[in-house]
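The values are calculated or read from the model by the stated rules, or taken from the named source; none is laboratory data. Keep in mind it's a predicted model, so treat the numbers as computed, not measured. In this analysis, Cβ positions are derived from the backbone assuming ideal geometry, glycine residues included, and neighbour counts consider all displayed protein chains.
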Amino acid sequence: MLANVDSGTATKATFGRFRSNRHPTNRKQLQRAATSRFIALCVMMLGMGSLWQSRSILSLVLSTSTQQESAIDAIRTDVVSNNIDTGTRYEKDPMQFAGSLQSGGSAGKTKDNTETPVTAAERERSVLALEPPPTKVTVEADDPSNAGNESETTFSLMQRIEHTPRNLTNIPKMRVVLWPDTQSGVRNSESFHLTENGINESAYLTLSNETWDFHSNVVWVGDMGMGGPRRQWCGAFGALAKQAKDKRRVSRLPLQWPICIVDYADGPSLPRCANIEAQVGVENVRYSVRSVVTGRNWNETIGWVQGGGRLSLNKTYGITYRQASYMVRTDMIKVLENSLRARNMSLADPIERIDRPVDVAHFWPHSNSSTNQQDRRSVLHFRSKLRSKISDLVVDLGKTQSSLNVFVGLKGHAKESGRTGVHTDYMNALLASKIVVVTQRDEWEEHYRLMEAIIGGAMVMTDRMLTLPAGLQNGTSIVEFDSAESLVSLISYYLRHSDERLEIARAARDVALRKHRSWHRMEEIIFGESLSNCSFQHPNSPCPYVAHGIDSKR
């Protein structure tokens, strides 16, 4: 029956049953007194700071419908007027405040019920504040070269290399963790020829096969070309660094170590990995890139490539980029050594002066050849109008000058087979050529063919480069051309002046072997400079005419 009447009628009907037993005034006084006692008890418990008891009493108050509103109003008034600090303020909605008491409150919010932002640095500081100071880790002398340097950390080692006068005889080997190739087992040509070979050939580096290598002088090297899109790669590498950091923290090891990120991509870029920088600090991340020329494109109007510009490698946002150009492949040197041995010669001999029947060679198919269709198809997906134009120019030169012996086409294997291995036919073709013309791609500079041609002993000509490898100089150790006319003119000149051609070829080979081996490049990536310098070797050392880095120690 009461369901169809309003609350006021229901209250009157309820209390009407007491009129014959109690005076109306006494009943009202009792109700007010009961309510006042409930409210006073709630406020008292809040003032004492007993959250659990006030929550229980508040629940009891809320159970009585006629007392709920007055109890909540009293709580709100008391909290606001007396500035009771509950950790959370809900002045607009008292019911929300009551709910917060039941749930224990939320001290991480502000007055307007928004989350207080906490930076990653603050979180890191708060975690580190709870951590005991890291203990110094010593190096176990598992290698004779580490003897006497067991306590030298990576950072002190790098500082000594950078600032100490050049006395590098007692440097312990740096342990290098490569990611992701050695962990995943997936490798590309750069993994074979540069990173892994460079580490294994260097007297100052050693390859570690343990991801969680916490040696005191350890450095990580990540190949950005191995692992899909950069954002995904950086995220995965950053997650790995976080795991390593967590493990280091548990073991009370230093939470920072050097990480080198290398980008061997064809196109120009200056990459960054915020995920890695957040883990070890931006000052401990070193970036190296292969291609730094931007804006290089084929210009149809002039029928030639426009060189564009070079990206600045100076400090940007506190970061210094290093250029990691391609280098002399060790497998090429081994095949060259075998070919020379068949001629009773060594790497140190003046191989530039051997009989070379081919005047000019350009290892790229030409458009009008009917015999090189297979070669053309094998490299068809490589777009390079300049290369095709140079091939046609060399072919036409051989036609117009019948005395010239030219070769245009491919030798050995193309694509991945050629990048990961060496065919004897290719090496013999290099050794048979007086002049080898090398052409960059339309969109970028830098590829293996430059150093391959140089170590074969021919004089190398290339279209003008903004990033000539260190030590090479136009007219002294290499010859650059910037047009079809200059190419034809320079070929004619150096075929007539053989002594100049041979001097340039010899100088280029010396620069390539002295400065551009795989171990030189990896030392530059990690230390900032090459430590395997011939000037520090034994006076009777065959350096730089060696097949392996360790050979220069003889």
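Data for the structure
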| quantity | calculated |
| --- | --- |
| Some residue of the stretch 481-493 being in contact with a Pro (Cβ under 7 Å, 6 or more places away or on another chain), in a helix (DSSP H, G or I) and surrounded by fewer than 24 Cβ atoms within 10 Å (Cβ to Cβ) | no |
| Test: residue in the stretch 499-520 that is out of contact with any Pro (no Cβ under 8 Å at 6 or more places or on another chain) and part of a loop (DSSP other than H, G, I, E, B) | no |
| Any chance Asp181 is modelled with pLDDT of 85 or more and of a type in the set (Asp, Glu) | no |
| Residue in the stretch 442-450 that is at pLDDT 90 or above, in a helix (DSSP H, G or I) and not charged (D, E, K, R) present | yes |
| Top-ranked residue of the stretch 184-212 - restricted to ones that are small (Gly, Ala, Ser) and under 22 Å from Gly549 (Cβ atoms), ranked as modelled with the highest pLDDT | Gly198 |
| Val360 in contact with a Leu (Cβ under 9 Å, 6 or more places away or on another chain), modelled with pLDDT of 85 or more, assigned by TED's automatic domain parsing to the domain that holds Val438 and within 30 Å of Gln306 (Cβ to Cβ) | yes |
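Conditions (1) surrounded by fewer than 20 Cβ atoms within 10 Å (Cβ to Cβ); (2) free of Cβ contacts under 8 Å to residues at least 60 places away in the same chain; (3) in the same structural domain as Ile454 (by TED's automatic domain parsing); (4) of a type in the set (A, V, I, L, M), marked per residue:
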| residue | (1), (2), (3), (4) |
| --- | --- |
| Asn314 | yes, yes, no, no |
| Lys334 | yes, no, no, no |
| Asp349 | yes, yes, yes, no |
| Glu352 | no, no, yes, no |
